[in-house]
Structures are given as structure tokens and as C-alpha cells.
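Worksheet: one structure, shown below.
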Protein chains: 4
Amino acid sequence: MKGNAEKQVYAALDKFKIELPSWGFADTGTRFGKFFQDASAVDLGDKLHDAGLVHKLTASCPTVAVHVLWDFKAGVSPKETAKLAKKHGIKIGAINPNVFQDQCYKFGSFCSPWKKAREQAMSHCLDSIKIGKEVGSTLLSMWLADGTNYPGQDSIANRWAMLKAAYRKLHDAMPRGMQLLVEYKPFEPAFYHTDIPDWGASYILAKHSGKNAKVLVDTGHHLQGCNIEQIVTLLLHEDMLGGFHFNDRKYADDDLTISSIDPYAVFRIFDQIEQFMFDTGKDPKLAYMVDQCHNLKPKLEAMVQTVMMAQDLYAKAAIVDRKKLAEAQKQADVTKAERVLRDAYETDVRPIVEQWRKKNGIPRNPLKELRDSGIIEQLGKERNAKRKALGISRGGSFA
Amino acid sequence: MKGNAEKQVYAALDKFKIELPSWGFADTGTRFGKFFQDASAVDLGDKLHDAGLVHKLTASCPTVAVHVLWDFKAGVSPKETAKLAKKHGIKIGAINPNVFQDQCYKFGSFCSPWKKAREQAMSHCLDSIKIGKEVGSTLLSMWLADGTNYPGQDSIANRWAMLKAAYRKLHDAMPRGMQLLVEYKPFEPAFYHTDIPDWGASYILAKHSGKNAKVLVDTGHHLQGCNIEQIVTLLLHEDMLGGFHFNDRKYADDDLTISSIDPYAVFRIFDQIEQFMFDTGKDPKLAYMVDQCHNLKPKLEAMVQTVMMAQDLYAKAAIVDRKKLAEAQKQADVTKAERVLRDAYETDVRPIVEQWRKKNGIPRNPLKELRDSGIIEQLGKERNAKRKALGISRGGSFA
Amino acid sequence: MKGNAEKQVYAALDKFKIELPSWGFADTGTRFGKFFQDASAVDLGDKLHDAGLVHKLTASCPTVAVHVLWDFKAGVSPKETAKLAKKHGIKIGAINPNVFQDQCYKFGSFCSPWKKAREQAMSHCLDSIKIGKEVGSTLLSMWLADGTNYPGQDSIANRWAMLKAAYRKLHDAMPRGMQLLVEYKPFEPAFYHTDIPDWGASYILAKHSGKNAKVLVDTGHHLQGCNIEQIVTLLLHEDMLGGFHFNDRKYADDDLTISSIDPYAVFRIFDQIEQFMFDTGKDPKLAYMVDQCHNLKPKLEAMVQTVMMAQDLYAKAAIVDRKKLAEAQKQADVTKAERVLRDAYETDVRPIVEQWRKKNGIPRNPLKELRDSGIIEQLGKERNAKRKALGISRGGSFA
Amino acid sequence: MKGNAEKQVYAALDKFKIELPSWGFADTGTRFGKFFQDASAVDLGDKLHDAGLVHKLTASCPTVAVHVLWDFKAGVSPKETAKLAKKHGIKIGAINPNVFQDQCYKFGSFCSPWKKAREQAMSHCLDSIKIGKEVGSTLLSMWLADGTNYPGQDSIANRWAMLKAAYRKLHDAMPRGMQLLVEYKPFEPAFYHTDIPDWGASYILAKHSGKNAKVLVDTGHHLQGCNIEQIVTLLLHEDMLGGFHFNDRKYADDDLTISSIDPYAVFRIFDQIEQFMFDTGKDPKLAYMVDQCHNLKPKLEAMVQTVMMAQDLYAKAAIVDRKKLAEAQKQADVTKAERVLRDAYETDVRPIVEQWRKKNGIPRNPLKELRDSGIIEQLGKERNAKRKALGISRGGSFA
């Protein structure tokens, strides 16, 4: 790798920031159950601690996404949460309302035939906007579980109309400088139709909501075969891409750690973003966020590993020889154009990323540092003790 | 079935018209080869004859979609073609340009890095608009094979920009009263990215092209699991649905006869259209078209069978008890709402459709009539003789 | 429909029995949570009651599959359970061990790298065999959640070897007359590899286990596009099909009620079984079982509806004109052969099934009967009171 | 990379041989048409020349798979072909009969309801065995296009029975030392059912045929999401894996160059094979073969690129630290085990592969060498002249 590459990687990593999800440090699982970890976060304090630790190790995660239902409590000022985050060296990032867990959301939230559910959803989201304002967040990240399980169960059209009205209302309730991110997902937990199934629906919803609404791409929320990097490119050039939820998957929304299944696919997404900036000279100001939640890997390890993989793949995207690529594309020289892209991907950027870390005063290998430090074991003991003290028992059954 | 149902089915079938594709009467196949039929159409005359025959048997197919490259010849006035169609009791419907067969389209048409390809595509499509004008067609149906096979092969963004410009130009070149239909397809013949991969891309393209552009849904052009009836509903309510290419599929774009794999899915599409008309009182003026091209069934049989299946399923959609359905949906009575839909689907409408046919002076069982008539055998002899006279030999090899 | 059809439907329904799962009456959900029903079963008594009620209404469900972990308790003799079932007019059917819920199964059961997990799984399954023996069950139905989430996580080969050894041991521990059913599933809850991913693996495992092992087909456990009826046919003709878990799905293992998404597909499975019996004169003695667990429909309604759909579709398969079909197939008359199959499918068999019900002294419309009876509301009250008395509170959170 | 890695890569590449398909140098395309290349092979001589050239450049391709229908001609002794291959520095590898192109195969070959088709298929395959014997081939590679397009079209069971009988007959007709490879494919060109849809069916067929029959895995012949490396592992440990057809794909059987879409997936296959050899000490004697046939890249470039990618990925699989991996797996240390695998994958092995090439007296960058040599342009001129001389015109139309 030439000196130029080093410069490109450094510049790319200096600007590359990826937000961590508070729920990524808590116990999660599948419908068949959860496997509990000693060191999983018990409360918001733990989550902010863990996010802060990951940022300390990687220098790429200055913000943490919070989940209103799970992270905020009545009677506790959101400002306290912001302070606590600051104490851990991070800031509050995207605000995620929850309009799927309460029993009233059985048939949906904004799309439910139950007026009560629609009202509760609206009230919760308006509260979330207020919380966001108080903690200084600029992102309202909306994911709905709304949908139906059976053909005929409900009117797709009525639900769509109610949804459009609700999102516009949310949009208009946001303070200046806040952005509404419109996430989509083809299925799960709804298994016949999801009210926002794909980027096309998100695009229309965002357009209808207003100029501060953009599309959020969760890399696990597509049907098999979908070319995600093309969606990214089209949204970028239509000025409608707001950000990402990153994770990897082989089958459905598997929520595995980034690039664990298909690293080349993640690289191609980063490549399209770098290409956009190269072509237009614009910074699309995307919100990169992690959204993973499976539970075989220790939570902290999984998060550090994911951030490192994202850094590596972003670094690879930064060293694509874009002039050479454009030239080969212009000549319709398929083999050469592909090779230019692959040359970057096949380059082992780890040594240069390590140097960047050294330069930034962080461990050369954050994952090794984390594992060697014994902190996970220590947190496990502390948090088990805390659970005991609080009388928290963990369980659950499929049926 | 009550008398009301009879009335509903009659009304539905009276208005239900589905266009036949001229290429559906010609020999087609897979990349592994074609299996030739004696009675397949040799020339445009044969195609119009066959389309006329299907209309005569079914009373639902007054128009035929034509394919500019295969059906029109330099030196022959399109008006002659229109006259010939009239002779067979039908009219010319959608005009389909071909911008994929010529060797210049190796890397695409409007999206090709080759200027010559882009120019030839534009010229051919402008000619197609002229032909459409001359034959009195109101539909320009655009399907592109454009795409790439390898990551990096070409700039997705540049291609998108060129595509938008080209479609707007086509839109503006159309005479008053003509509509541009923007078809999408996720893959094949391009296997990495297709320039118009899904309805979201078609929607944006159509919006950008102008008010006479709408989206065309080909039922075989979706990734596995895609909820097509939802796309139909969203497009209807956004006033952006132009029409359909109907066929069935189990795996990819298999182009099988309608409903042969999943009849309930076709019913659900028709149901959403009927629901839209019930809810809004508007007629969306959709162009229903057949687009099937596989070759194990005799061409004429396959077409008559397809039209009959479409009639049956449309009739089922017409007898859904929409008041009862709306009521059950409002009450979130999932089981009941689903049952209302299924009651219509499970009803055997064939006897009532037969009565409608009798009333319209056509055979009660058009497929049986066709098979019993011996006409396919007779056409086979005539067309084999014609091929011999014209010196046409049929062949081809995978490699 | 002619008198012959009536006879065929009656004969088919007389012999068609489908087993209910005890867990199908309990609260279940997705990883995003459960929506609780008042009338969901609190304990095994409730489950047996509900299964008995469904049998009373449909006359097709004389047995109930039980789940060892959830349904049996230390200190309670399994014989008591058998008696309780008898009281509700049913018998205990398949025994389902649970080797996925305990925390020790984090990395699998028989395939876990943890010896303790493998031993606990073996011990539990041997206990299950004993329970089966005591309650007079003839089926040991094995589903494993074993698999890995990340490439490299574990040795696929070692796991396979341990699995083969374990299943053979289970096979050899079964009493005479008991059958081992080997279920497969491509993914969920494991998201990189599942130790028994498909019917090929199940076939090899069953063959290796011994002559009393056969393959179990769960209709929701296949990749998109998979032709399930072909698997059924191949297994039947290789004498290796043991039974079914029926449910429907559009995307993944959605566990919806039978035929709610693709009724024609279920019909084709039944058709292949009827065809096998017609061709060979053999009764394959298949264990038909329901396995559905989603929670928008009231549990009892969902179960009755599923049984009714299965009856209807089985009845349709029974009236296929198999001589005419064989003849058309022999002549390679594709259109005709398909039409013969479709004629049966498109026939509305509901009136004849209603007559069969009347003849059997059960309600003509069991679903309507159930809904009109008010029993679900009544059970809801009783079971809520029972929960209160037992101090059961229901909850759970995604993260 | 340490010295050990160098040794491992050298040893791996010394033994890694991958066979080229003669048809990979000829014009191929999609059902929408072929894009012709000047330098594509006109006849068998050209194909052997090109295969020889690729071997000269890469040192990994000493054999070429031939296609009986396209490569052998009545009146020309197969021995002449073997001599011609020798002249080009290569040998004849697998023999591929063609039982899909002739019009008689409209409804299948060994599974056709037409006796004539079955007989012609058998006769052709027996001839192919003779040819194989004469040219010294040890592999009979069978791929069938057999299947049906419509439910009901034909008896799946009858076809399966005829297929089993035919393959056993072929097996028994093979000379000592020849192996029957049983390929499977889920769909295309058949779109409802394929007679050998998956590895389970291939396994049963091969077992039934006899001890010299094994399964062939074509990497493009699986449903979306399928874990191919697991199939490889299971077949290896059941001693039933015969070989591979390599290519890459994103959607269906796209036949793109190796690893162009998902390089990590190819690596994982090679990893499982290396793991098998490490675990058992056995050499599974697999037949690695390329089977790609798309036509945007120049044929020779595509082939050289594919071989280079296979070499790189095989080299990566060779440097996995298998002791460390086994240890981490034993400890259920998910993160570490995954990292061990990824460390090898992320290593840039290109420099060491280049050294191996240098050591073997071949160009360090075979693709660059090929492109710089001007030979493709020169062959283009020569072959165009040959076509002209022979009166060959190239064309074809979708419909």
C-alpha cells in the first residue's frame, strides 16, 4: 500500500463515526428464548458505561442511540441521562420510540384499527420528541412493527392513509434541526404484510412527511437477493438517505455482527457512499448506527468487533482508485473495472488501521485489549450482584 | 351463490379486459433452448390471427400488445398493421420497443456507457412512439434489460442519471393521450444490478418523467416473498399504477400461465383493485396485459387458459362481501375478516362464469372448444408449410 | 359434483386425522413480545380441554402432541395426564422433548461443545421416551434448535458426528412400536448453520438411526421456493416419510394457520399423498400434526379454522380424477393434466364436507359454532381468575 | 505472514487443480440473447487452444471438461481429440453428455413420458461413456434439465423411478475407474419441479446407482440462503462428495465468475475441505471444475480471472490456524473462533501467490499478462476470418 492509501485511510477513519445502540448491551434473544449473560447491562447506567467503553477502545462511537421505553423512566429528567452519558465520554444520539411492546399494539400502532393504540403511539412519540429535544438529540428514528398476519385481516389502504398522517404530524412536531428517519422492513413480526415494507414505501412516506424526513436503511431488512448498495446509491442521488442500521444476516433479520456473513456486501455499501462523495463533492451527513442483538457472543466483544469490522471495511472503501475505476467503466472494460474495486477490497488494511489507532492513542487491537483486560468478567460479577440486590430474575419460555 | 353474486360477476366480467402479447404466440424458450411448436406464429399476421381467435373465444381480449422490433418492418406502414388487426376483430394495444436484442446493447441501452447504444435506443423509442401514434395506441410500455453483472462494472449513479433524462425525453415526445408505463425487474438478464430494480425506482422515474408516466407491475418481477398486492394498493392510492404484465412464477421470472403456481396470490391482487374501486369510487383505468412465454403448452391453449383463469379469479374478487369485510376489519376480528375474503376465493365461480359466456354468445368452455376444434393441428400444418416455403429453419444452441 | 365425489370425500375425511399441539393453546409470540389472550391455556389441564373441544367440534383430532418440558411435572405421573386426556375425549400423541430452552443449551444440545449440555439433552430425551411409553405414545418427535450463528464458531463435522451417535442411541432406547421423527429446519434460532438443515440431512440421520426412524416435514421449514410436495413424494417412495407439522408461511417460519397464505400448495401436498396411495395401494401411516403458534387470532378459533382448512383441502385432493390425470400425463398433454388437477382444487367442497359433518353429528360449521357459543369469552374469564389465584403475571421485553 | 504460511500456500497451490469447461470459451447468453465476441471459440480446436492457454498462464488447469454434443462429431475419433488436447498441453477431463438440447427432450430425458426421449438419452449417455473410455476420462458428469413447469403436468414419482433405473444402468456401464457425478439443481429450465432438485435427491440417486457414483455440487444450484459449505461437509463425511462446478451468483443460476459476488462464501467451502483433510488425514479426491458462462467479460479474461480468484481463496483456506480454531471451538469461544477463520480470510495472500507463480515459471499476474499480450485481439481477427470462411453467421431472437 502506498503512502497515498495511508492518507486516505486516516482521513476516512477520522471522519467515520458509528453510533451504538443502548439495547445492544442488554439481553436479547429469539422467540425460542434468551441466553443470559452475566455482564449484560442491567440498567441505562450500565448501557452508557458499556457504550463509553467501546468508544474509548475504538475512538469511533461518540454517541449512543437510546430507546425511550427501555431507557427513560418517568420522574427522571432526560437531562440527567445526558449528563450520565457525558460522564462516560459520549453523547445521546438517535431517539427510538417504542410502539410495539405494549399489549395495546397487538394490531399495530399508527396503523391499528384501535383508536386507543393510535393515540398512545402518537402520545409516546411526541414525548420522545420532547426527550430528544432535552437531551440534544437531532434524530428521531422510527421503526414500526405494524403489519398484518393474514390476507384480509385489515385494510392495507386505510393503514397507509393513517400512517401518512401520523408521520407528517410527527415531522411537524419536531424542533428545528431534528430529522425523522423512516425505517422499513419486509416482515417480522408481521408475517403477511408490513405497513412500511421497503425503501419505496419509506421514500414516499418521508417525502410526504416533509423536508426533514429521510429514509433509514437497516441492512437486515431486505428480501433475499436485494441489491442494497443500489438502494443506497439511488437514495443518495435523490437526496433522501438519512442513515443506517448496520448488522449482518444470512436468512432473515438475523441481527448478527457486521460483515460476519458477507463482508464484501458491506464494503460495497461503503464504496457507494465514498463514490457519491467523490462524484458530487457533497457530504451526505449519514447517521451510521449499529443495530445488532444476538446473544451468543459477549455483548461487549460483539460490539467492539463490529466497530472494528466497520472501520476495516470503510478503510477499504476509502482506497478504491476512483479515477482508474471511472476510466475503466467509461471504456466498458468490465474485467478491469471489477479488478479496481476488488484490489481495494482484497487489500489487508489492518496494519494501516492499527497505525491509525496508535496515532489516536487507542489500543492497536481493541478486541484483544478488551478480552485481555478481564473487564467483562468483572462486570459480570458486579452486575450479577446488582441483579441479586434488585431482586431481578431472568427467565422466559417460548410457549 | 346468491343472485347478487351473479350480478356482481357479470358486471365485473363485462368490464374486465386483458391484452394479449403478440410474442406470446411465437416460439420462445430458455437459455438452454427452445422447443418449437408447429402452430407457433410465423409472422405478425399469424400473431394477430391468434390473438383474434383468443378474443373470439373469451370476449375479454380486444387488444394485442405489439413488439416494435419483431412485429413491424421498414417499408410497411403501421396503419396496415392496424387494419390487419381490425380484420381479426381486435385493435393494437401497447407499443413495446426493444432495446435489448441488438449487439449494441451489450452494456445496456439508455444506461450504456456506449453513446451509440444510448442514441440507438432513443431513436428506436421515438420511432416506436410514432408507430404508436399511427396505430392509435395509447400506451408506450418500456422494459429495459439494462444492468450490470459485476460489482464495479459501471457507475450505478451515472446510469440512473442518464435513465432519468431519457425517460423524461420519451415522456415529452409522446402525443397527448399516450401513457408511459415504467416496468421494473430485480434481475435477469443482468445479474448484479438492474437499473430499474423495483417499484420504488419505477415510482421515482415515473414521477420524474411527468404526469403521463405510471408504474407497470409485472407479477413475475419481484424477489421471493414480496407482497405484490401491497405494492398494487400503495401505487393505486398514490395514483401511480398504470397496469400489469400477468404471468406466474415459483422461482424467478418463470413466465408461466396465470395462477398456475399460486392462484390465491392473483386473487389478492384483483381483490385490492376491487377494494380500491369500492373505497374510492374511482376507476383506476389499469392496463391488464398478459406476458407469458414458456413453451411446453401449445401457445393458443396456454393463452386461452390464462384468460379463463384471470376471468375466474377476477370474478371471485368481485363477490367479496366488502361491507362485511370492512366491519370485521374495524373490529379487529382477524378470523372473521380473513374468512370473508376466503369465502369469496373458495367459491366455485365457474358455473356463473359459464353463464356469462353463454349470455355473450361465446363457448361455455373456451379451452375445450379450442381443443375440440382441431384448429391447432390445422394451423400447425399451414404454418409448417409456410416455414418451408419461406425457407425458415429453427434451431439454436446453449453454447 | 357427482355422487362418486361424495363417496370419495366421505372416505377421505373418515380416515383423515390431524394431531393438535398442546402448545398451540398457550401464549406464544415473536422475539418482539407476546400478545396475551384471556382464554389462552394456563396449564396442561386447559390445553387438554381445548384440544378435546376442537376434536368435539371437528371429529378429526383424537390426539394431542405434548411437550415434555412444558406439560409434564416432576411428581405427577404421566399416567395421570393420559387419564386427563381421556376425560376430554382424546389421547396423548407425539412426545416432544425440549432441548433448547434451558440456559445450558446456549451452544446447542446434542451438538454442543459443552459435555454437560449433551448429557442433559440425552437424559431429558431418554426420560421423554419413558414418558411416551407410560402414556402409550408411539411417536418421539425430535426438533433441535442446534446450530451456530457465525462461520467458524464450531466444527460442523464434529457436531454432525455427535448428532448421529445421539439419534442412534435414542432410536435404540425406544420401546417396540415407537417411531423416531427426525425434523429439519434451515434456520432460526441459529442463523449461520443449523445442524439438521434440510430433508437430505434428516434422511441420512434417520437411515443411520435405524429402521424406526423417519423424516418429519414441517411445512414452514424450507427455503423460499422449495418444492415441498416433491420432497414428500420422494420420501414416500423411499419409505422414509414419517409425518408432518402443518402451518403456513410467506417469509420464514411464520407459523400461521394452515393454508392462510398458499392454499394450493397445501392441496398439492395432500394430492401427492393420495397419489401415492392410489399408485401403490399402501397406506404410508403418516402422522399429521398441526404446529402453529402465532397470536393474533384467538387460539381456539385458529385451531378450529386450521382443522377445517385441512379437511377441505384433503377433500379436494380426494376427488382428483386420477385415471384421467395419469392418461393425460402419459400423453404429455400438459394443459389437460394440469386442468384435471385444478378441476379438483377449484371445486367448492364445502357443501359436501358440511354433509359429512352432519352425518357425524358435529356442527356443520365448527368455527361458527365455536364463535357463537361464547365459550372463548367464558374461558377467558375463568382463566384470568385462575391466573390471579395462582399469582401468574404475564410480561416480557425484547431487550 | 509468517514463513509457515508461505509453505502452506505453496503446498496448497501445488496440489490445487481446477478443470476448465470447453463451453466456457464459446458464445453463451441468456434467453434474451447472446452478445457475441470476436475471440469466442468457433470449434473444439479453439476451445482446447484456449484451455491450454489458461493452463499455461496459471499452472492450475491441466484438464478440460468436454461436452459430447458440442465437442465431438460423428466420424472423428475421440482419440484425435485427446491428441489435440495433448498438443495444447492439457488432457480431456470430465465427459458431459447433453440430454436437453434436442427437440425430443421437450418433456425431459430419462424422466420423459416419451419412450423415444428416454431411449435417445440412454443411447447418448452410453456413447458418452465410450468416448470417455477412449479419451481416458475418469468422470461422467451428468446434469439433467428434466423437470416440469406445471403442477400436475407429470408424475413426480414415475419420473423418479425411471431416473433411478437409468442412473444405475449408466453406473453399471462405466468402465473400472470411472466415476458418475450426480448433479442437482432446484430450477431452470424447469420451473415447477426439477427431477433432481437438491443434494438430498442426488445423494439417494448416487447411493442407489452404486459405489462409483458421487454427488456434484454446482455452487449456483441452490435456493437463496442455502448454506453450501455445510452440504460440502456433510457429503465429505458421508464419503459422497465427488466434485464441484464453480461459479458465482446473486439471484438464480447466474453463472458469473468465481467469487465475484460473495468471495467469503467460496473461501468457506475451501475451508471446509481443508478442515476435512486436517481432521481425517484423507484426500477426498474432488473434481474441481469451473462452470461459468456469461458473456460480458471476454471469455479468456473471465477464465483466467476465475482461476486466479480460486487460487487466492484456496490459499487463504490453507493458512487457517486449525489448531487454534479447534481450541477456540472447544471452549465455545465464539468471537475467537470466528476471528481465527477471519484472520486467514482477511490476509492479503496475493504477494505469496505471486511468488508461487514466479517459482513455477508463470507470469506473476496472469490476467495482466493475458491482457497485455494482445492475444485476445489477435484471436478475434483469426476467428472472425474463420467464421467468414465457414459461412457461420451468429444471431438469435428471444421470440
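Values quoted throughout were computed directly from the atomic coordinates according to the rules given, and no laboratory measurement underlies them. Nothing here was measured: the structure is a model prediction, and the numbers come from that model. FYI the Cβ positions are ideal-geometry reconstructions off the backbone, even for glycines, and counts take in every protein chain you see.
Pick out, from C:Ile375, C:Pro363, C:Ile392, the residue whose Cα sits farthest towards the positive end of the charge dipole of the stretch C:357-399, with +1 on the Cβ of Lys and Arg and -1 on the Cβ of Asp and Glu.
Going by the Cα projections, it comes out as C:Pro363.
For the stretch C:270-320 and the stretch D:342-399, what is the separation of their Cα centres, given in Å?
First find each Cα centre; the distance between them is then 56 Å.
Enter the per residue convex hull volume of the stretch B:242-395, computed from alpha-carbon coordinates, in Å³ rounded to the nearest integer.
Working: hull volume 25.1 nm³, N = 154.
It comes to 163 Å³ per residue, whole-number rounded.
Which value, in nm² and rounded to one decimal, describes the direction-averaged projected area of the C-alpha convex hull of the stretch D:237-307? Working shown, then result.
On the way: hull surface 21.5 nm².
The Cα convex hull of the stretch D:237-307, projected and averaged over all directions, gives 5.4 nm².
Please identify, among A:Pro175, A:Pro186, A:Pro366, the residue showing maximal mean-square fluctuation in a Gaussian network model of chain A using a 10 angstrom Cα cutoff.
A:Pro175
Is the shape of the stretch A:185-288 rounded, prolate or oblate, going by the alpha carbon gyration tensor and its root eigenvalues a ≥ b ≥ c, with a/c under 1.5 for rounded and a/b larger than b/c for prolate?
Working: a/c = 2.22, a/b = 1.14, b/c = 1.95.
Oblate shape, in that a/c is at least 1.5 and b/c is the bigger or equal ratio.
When the chain is fully extended, how far beyond the present Cα-Cα distance does A:Ser77 get from A:Phe278, taking 0.36 nm per residue of separation? List each step's numbers first, then the result.
Values: separation 201, 0.36 × 201 = 72.36 nm, distance 4.32 nm.
Difference between extended and current length: 68.0 nm.
Say a label goes 7 Å from Cα toward Cβ at A:Asp372 in every copy; what distances in nm does this one have to the rest, shortest first?
Relative to the other copies, A:Asp372 has label-point distances of 4.3, 7.7, 8.8 nm.
Residue by residue through A:19-28, how many Cβ atoms from other chains fall within 10 Å of the Cβ on average? The partial results should precede the final answer.
Numbers: counts 0, 0, 1, 1, 3, 1, 1, 3, 3, 4.
Average per residue, whole number: 2.
From other protein chains only, count the Cβ atoms within 10 Å of every residue's Cβ in D:234-241, then give the mean. It would help to have the intermediate numbers written out before the result.
Values: counts 11, 2, 2, 7, 6, 0, 1, 0.
Across D:234-241, the average partner-chain Cβ count within 10 Å equals 4.
Rounded, prolate or oblate for the stretch B:270-334? Axes are the square roots of the Cα gyration tensor eigenvalues, ordered a ≥ b ≥ c, and the cut-off for rounded is a/c under 1.5. Spell out each step's value before the answer.
Values: a/c = 3.51, a/b = 2.28, b/c = 1.54.
Prolate, since a/c reaches 1.5 and a/b exceeds b/c.
At each listed q (0.06, 0.09 Å⁻¹), what is the log10 of I(q)/I(0) that the Debye formula gives for the protein assembly as shown modelled as equal alpha-carbon point scatterers?
Rounded to two decimals, the profile gives -0.58, -1.51.
Give the calculated FRET efficiency between A:Asp172 and A:Asp102 to the nearest 0.05, with a Förster radius of 22 Å applied to their Cβ-Cβ distance.
On the way: r = 25 Å, r/R0 = 1.11.
So the FRET efficiency works out to roughly 0.35.
How far is C:Lys15 from the same spot in each other copy, in nm, shortest first, if each label point sits 7 Å from Cα toward Cβ?
Distances between equivalent label points, in nm: 4.9, 5.5, 7.2.
Kirkwood hydrodynamic radius, computed over distinct alpha-carbon pairs, for the stretch A:1-115: how many Å, to one decimal? Show your work: numbers first, answer last.
Numbers: mean 1/r = 0.0606 Å⁻¹.
So the Kirkwood estimate lands at 16.5 Å.
Quick check: convex hull over the Cα atoms of the stretch D:328-399, volume per residue in Å³, rounded to an integer?
237 Å³
If you average the C-alpha positions of the stretch B:23-93 and of the stretch B:217-258 separately, how far apart do those two centres end up, in angstrom?
24 Å
How far is it, in nm, from the label point at D:Glu327 to the one at B:Glu377 when both lie 7 Å from their Cα along the line to the Cβ?
8.0 nm
Based on C-alpha coordinates, I'd like the Rg and Dmax of the stretch B:50-91, in Å.
Calculated on Cα positions, Rg and Dmax stand at 11.0, 34 Å.
Can you give the mean number of other chain Cβ atoms that lie within 10 Å of the Cβ atoms in peptide A:338-350? The partial results should precede the final answer.
Details: counts 11, 8, 1, 4, 8, 2, 1, 3, 8, 3, 7, 2, 4.
Taking all residues of A:338-350 together, the mean is 5.
Most mobile of B:Val307, B:Val290, B:Val42 per a Gaussian network model of chain B (Cα springs, under 10 Å)?
B:Val42
Starting with the fewest neighbours, write out C:Met142, B:Met309 ranked by other beta-carbon atoms found within 10 Å of each beta-carbon. Mind showing how you got there, number by number?
Values: C:Met142 27, B:Met309 21.
Ascending Cβ contact count within 10 Å gives the list B:Met309, C:Met142.
Charges only on Cβ, +1 for Lys and Arg, -1 for Asp and Glu: so what's the dipole of the stretch D:71-176 about the Cα centre, in debye to the nearest 20? Could the numbers behind the result be given before it?
Working: 17 positive and 9 negative charges, 74 e Å.
Dipole about the Cα centre, nearest 20: 360 debye.
Which percent of Cα-Cα pairs in the stretch A:296-361 sits in each 10 Å bin, short to long?
The distribution over the stretch A:296-361 is 20, 36, 26, 14, 4, given as percents.
For the stretch D:109-258, take the alpha-carbon Rg, divide it by the Kirkwood Rh, and send me Rg/Rh. Write out the running numbers ahead of the final one.
Values: Rg = 15.2 Å, Rh = 15.9 Å.
Taking Rh as the inverse mean 1/r over Cα pairs, Rg/Rh reads 0.96.
Would you list D:Phe276, B:Phe267 from fewest to most Cβ contacts within 10 Å?
Listing D:Phe276, B:Phe267 from fewest to most nearby Cβ atoms yields D:Phe276, B:Phe267.
How far is D:Gln355 from itself in the other copies, in nm, if each label sits 7 Å out from Cα along the Cα-Cβ line, shortest first?
2.1, 8.5, 8.7
Sorted from largest down, what three extents in whole angstroms do the Cα atoms of the stretch C:140-203 have along their principal axes?
Principal-axis extents of the Cα atoms in the stretch C:140-203, largest first: 41, 20, 18 Å.
Would you mind checking A:Lys214/A:Lys323; C:Lys316/C:Lys336; A:Lys87/A:Lys133 for any pair whose Cα atoms are more than 21 angstrom apart?
Working: A:Lys214/A:Lys323 30 Å; C:Lys316/C:Lys336 18 Å; A:Lys87/A:Lys133 19 Å.
Checking Cα-Cα distances, A:Lys214/A:Lys323 exceed 21 Å.
Report the charge-dipole magnitude of the protein assembly as shown in Debye, nearest 20, computed about the Cα centre from +1 at each Lys and Arg Cβ and -1 at each Asp and Glu Cβ. Display every interim value, and only then the final one.
Working: 228 positive and 196 negative charges, 1 e Å.
Computed about the Cα centre, the dipole is about 0 debye.
Would you kindly calculate the mean projected area, averaged across all directions, of the convex hull enclosing the Cα atoms of the stretch B:42-194, in square nanometres? Please list the in-between numbers first.
Numbers: hull surface 38.9 nm².
In nm², the orientation-averaged hull projection of the stretch B:42-194 is 9.7.
To the nearest 20 debye, what charge dipole does the stretch B:181-295 have about its Cα centre, counting +1 at the Cβ of each Lys and Arg and -1 at the Cβ of each Asp and Glu? Don't skip to the answer; put the middle values down first.
Values: 9 positive and 18 negative charges, 60 e Å.
My answer is approximately 280 debye.
Among B:Thr81, B:Thr28, B:Thr335, which one moves the most in a GNM of chain B with springs linking Cα atoms closer than 10 Å?
Fluctuation is largest for B:Thr335.
Would you compute, from DSSP H runs of 4+ residues alone, the mean residue ellipticity of chain B at 222 nm, taking -39500 (n - 2.57) per run and dividing by the full residue count, rounded to the nearest 500?
On the way: 15 runs with 196 residues, N = 399.
Taken over chain B, the calculation gives -15500 deg cm²/dmol.
Using Cα pairs closer than 8 Å and at least 6 residues apart in sequence, work out the relative contact order for chain D, in percent. Spell out each step's value before the answer.
On the way: 688 pairs, mean separation 76.5, N = 399.
It comes to 19 percent, rounded to a whole number.
Give me the percent relative contact order of the stretch D:129-187, please, defined on Cα pairs under 8 angstrom at least 6 residues apart.
Normalised by residue count, the contact order of the stretch D:129-187 is 57 percent.
Rounded to two decimals, what is the ratio between the C-alpha radius of gyration of chain C and 2.2 N^0.38 Å?
Details: Rg = 21.3 Å, N = 399, 2.2 N^0.38 = 21.4 Å.
That works out to 1.00 for chain C.
If you draw the axis that swings chain A onto chain B, which residue of A has its Cβ closest to it, and how far is that in whole Å?
Closest Cβ to the A-to-B rotation axis, residue and whole-Å distance: A:Gly200, 1.
Could you point to the residue in A:Tyr288, A:Ala317, A:Gly225 farthest towards the positive end of the stretch A:181-317's charge dipole, with +1 and -1 charges on the Cβ of Lys/Arg and Asp/Glu respectively?
The listed residue farthest towards the positive side: A:Tyr288.
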